[in-house]
1. Just to be sure I understand the filter: pairs with C-beta atoms under 8 Å, separated by 6 or more residues or on different chains, first member in the stretch 369-396 and under 17 Å from Ser625 (Cβ atoms), second member exposed (fewer than 11 other Cβ atoms within 10 Å of the Cβ) and among the aliphatic types (A, V, I, L, M). Which pairs pass?
2. Only one of Ser241, Ser262 is among the hydroxyl-bearing types (Ser, Thr, Tyr), over 29 Å from Thr184 (Cα atoms), surrounded by fewer than 19 Cβ atoms within 10 Å (Cβ to Cβ) and at pLDDT 85 or above; which?
3. Of the residues Glu180, Glu243, which is acidic (Asp, Glu) and within 13 Å of the chain's Cα centre (by Cα)?
4. Checking Gly363 against (1) open to solvent by less than 70 Å² (accessible area, probe 1.4 Å); (2) touching a Ser or Thr at 6+ places or on another chain (Cβ under 7 Å); (3) not hydroxyl-bearing (Ser, Thr, Tyr), only one condition comes out false. Which one?
5. Got a number for residues in the stretch 415-445 being open to solvent by 20 Å² or more (accessible area, probe 1.4 Å) and of a type in the set (Val, Ile, Thr)?
6. Tell me yes or no: at least one residue of the stretch 271-281 is open to solvent by 30 Å² or more (accessible area, probe 1.4 Å) and of a type in the set (Gly, Ala, Ser).
7. In this structure, does Phe581 turn out to be in contact (Cβ under 8 Å) with a residue 24 or more places away in the chain, open to solvent by 10 Å² or more (accessible area, probe 1.4 Å), assigned to a strand (DSSP E or B) and closer than 30 Å to Gly363 by Cα?
8. Does the stretch 511-558 hold any residues that are under 34 Å from the mean Cα position of the chain (by Cα) and of a type in the set (D, E, K, R), and which are they?
Amino acid sequence: MSRNSIPRGSNSAILQLSNSLVLVLAAASLLLAQAFYGSIVGTVTDQSGAAVAGATVNLVNIGTSESRSTKADQDGAYRFVNLNPGMYKVVIEQSGFKHYTRDRIEVNVEAVVRADVGLEVGEVTQSVEVSAQVPLLQTENASLSQVVASRSVQELPLNGRNVLNLINIAPGVVPQGGSEGSLTGKNVFAAGNYQIGGGTANQSAAYYDGVAVNVAYGNMIALVPSQDAVSEFRVQTNSLSAEWGRYTGGVINLASKGGTNSFHGTAYEFLRNKVLNAGTFFGNATGAGKPAFNQNQFGATIGGPVMKDKTFFFASYEGYRQRQGVLFLNTVPDLERGSGNFSNFRNATGNVIPIYDPSTQCGTGSNAACPATGPQRQQFPGNIIPASRIHPVASNYLKLKYWADPNIPGQPFTRLFNFSRNVSTGGDNDQLNFRGDHNLTEKQRLMMRYSRRKSVNLPIEPYNNGLITGDPERFLTQQAVVSHTWSINPTTVFDVRLGFTRWAYDRTPGTLGIDIPTATGLPSYYNDLDRLNGLSPSNTIPVMNVAGYNSVNTGLIYGIANNYSASPSLTKIMGRHTLKFGGEVRLLQLNYYQNNTAGGTFTFNNLFTSQNSLSPGATGDGFASFLLGLPASGTVQTSLFTATGMRYQGYY
């Protein structure tokens with residue numbers, strides 16, 4: 001099965017999703033979806049505090065000039081719902097009262113802002129303008145949350161510009177390992193590794209423009225928008241309303257930037273390097289020098305009108321390049337040991353460690369019976385393994401330079417830690433976001449967004465031999481969102497939101513697809529691993545884990561996750577009450593393959609080359625056992641592609 005395969009039965013699953021969507025749309029009177037919208041509510045009164053019924057209330061989006069109008073009810077109450085986050089202006093007119101304007105009312109994501117108005121008696125030709133006032137409070141629900149507003153998102157310093165790090169501002173949020181700083185080069189679960197409201201890390205829900213960015217692979221956050229593509233977000237930690245589901249901690253709601261009637265753009269680059277860095281202790285001690293460090297983060301944004309008051313766009317690009325040195329201080333076999341010469345193989349006190357010949361094991365073959373003291377073997381003459389006894393597979397691994405040659409003396413006598421090298425690690429990250437908004441009519445609004453994030457974690461190659469530890473990883477996330485908002489009348493708003501997210505991931509070993517028998521001399525059946533795994537290529541050279549020596553590991557992963565979602569909604573204002581009905585339909589798919597030791601593993605210790613295998617003590621050596629081709633254990637792991645699907649429906 002290829003990495004882009006779709007699970008069996010997915011056609012029927014998609015058909016079921018489509019049928020479910022039809023039923024949801026047909027029952028719109030029962031629906032309201034998760035969204036990033038905000039609302040403005042208030043009461044219109046006169047100077048005595050009496051309600052002014054029938055007052056005309058106009059709302060204008062300052063950035064796009066989008067306008068709405070409603071009438072205050074018999075209690076003087078008005079309400080505007082499903083508002084994009086941004087700055088708004090409220091204008092109120094009523095016969096017998098002065099014309100009233102209240103400017104710069106900020107609506108945050110998922111916020112309900114109260115703006116009560118007291119009209120003054122006078123002519124409509126007279127006006128009252130309010131441009132500065134006590135900050136408006138959210139009093140309409142009991143949700144415990146924290147808004148990270150546009151200015152904070154844009155101006156707070158962030159190392160690596162990981163916008164999710166601003167979650168830490170909210171009370172009740174505890175970051176876990178790997179979540180802070182740039183996500184490049186880190187584990188795939190680092191982005192969502194926060195405990196929110198006492199919940200388990202990586203089990204919260206995250207939405208971007210009202211569409212989930214969590215995928216089926218461990219509820220992982222697959223898309224972290226670049227800082228300049230986010231206008232603001234809200235972290236909800238407790239007492240959430242019924243519209244939120246599929247989480248055990250909190251809910252993170254991010255809103256993307258959109259265009260306005262004015263053109264705006266930015267360009268930037270952030271640069272860090274090692275010029276002013278100090279060297280590390282072990283790097284200086286071993287002569288490896290100052291480790292590499294270069295971090296470049298650059299990008300640009302542009303937004304504005306396509307047609308004034310009608311169509312708007314916003315686009316952003318961000319690139320990230322990181323190279324960071326990591327010191328490898330390892331133990332590798334020296335040239336003498338590689339040829340079987342252990343005559344100078346010593347312990348910390350300078351005494352030679354004897355290497356024993358397993359073929360001289362007492363009580364086997366023509367060897368004499370074992371003494372009462374237990375099994376015994378004879379030491380190799382001169383503590384040297386004859387060249388004729390070195391196993392062909394071991395010779396081939398040495399020819400492959402599975403271990404590098406020593407480049408420093410190492411510790412006295414033992415020559416441990418005889419290899420030191422600064423190795424460059426890091427990765428590249430590129431992200432593109434595009435959003436378009438279009439006012440179809442005065443009552444209908446369309447929004448579309450496409451985001452693409454590609455990340456590459458570079459291979460780590462300490463021995464400069466083509467063999468890799470920390471296999472290179474590649475991630476590609478794409479998300480498309482389409483939403484349509486229809487203000488049917490001043491008291492009824494319908495919204496439908498469709499989303500698709502795809503996350504693709506692969507980890508590729510350096511020797512993937514190698515002809516194992518030719519390269520190593522192992523039996524020909526090792527080439528059957530592809531057939532047993534049901535995936536080609538899926539074989540690598542086996543890992544040699546030799547006690548006391550550092551080797552390289554291999555791991556193979558292919559994964560692709562798809563999220564399809566449909567979220568219709570209906571809001572109905574009835575006097576002082578706002579009724580919200582909603583639901584969400586999701587299809588989550590995951591195709592996944594993982595084999596941590598694609599070519600198998602052999603483990604070598606000192607038992608076969610010790611004097612007494614039942615009590616080896618400080619005799620023998622794992623590398624000597626490797627040269628003789630005598631592993632203590634061996635494993636071969638075979639894996640198959642798994643294909644899973646989840647159909648989720650939630651209503652309230």
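1. From the stretch 369-396, the pairs are Pro375/Leu614.
2. On the way: Ser241 fails: at pLDDT 85 or above.
Going through Ser241, Ser262 in turn, just one is among the hydroxyl-bearing types (Ser, Thr, Tyr), over 29 Å from Thr184 (Cα atoms), surrounded by fewer than 19 Cβ atoms within 10 Å (Cβ to Cβ) and at pLDDT 85 or above: Ser262.
3. Values: Glu243 fails: within 13 Å of the chain's Cα centre (by Cα).
After ruling out the rest, the residue left standing is Glu180.
4. (2)
5. Selection size over the stretch 415-445: 2.
6. Taking the stretch 271-281 as the starting set, the residues that turn out to be open to solvent by 30 Å² or more (accessible area, probe 1.4 Å) are 271-281.
From what is left, the residues that are of a type in the set (Gly, Ala, Ser) are 278-279.
Yes, that holds for at least one residue.
7. On the way: in contact (Cβ under 8 Å) with a residue 24 or more places away in the chain: yes; open to solvent by 10 Å² or more (accessible area, probe 1.4 Å): yes; assigned to a strand (DSSP E or B): yes; closer than 30 Å to Gly363 by Cα: no.
When the stated conditions are applied, Phe581 does not pass them.
8. If the condition is that a residue be under 34 Å from the mean Cα position of the chain (by Cα) and of a type in the set (D, E, K, R), then Asp530, Arg531 are the ones that fit.
The values are calculated or read from the model by the stated rules, or taken from the named source; none is laboratory data. These numbers were taken from a predicted model, which means no experiment stands behind them. In this analysis, Cβ positions are derived from the backbone assuming ideal geometry, glycine residues included, and neighbour counts consider all displayed protein chains. The area values use the complete protein model at the heavy-atom level, side chains included, leaving out ligands, DNA and RNA. Shrake-Rupley method; radii C 1.70, N 1.55, O 1.52, S 1.80 Å.
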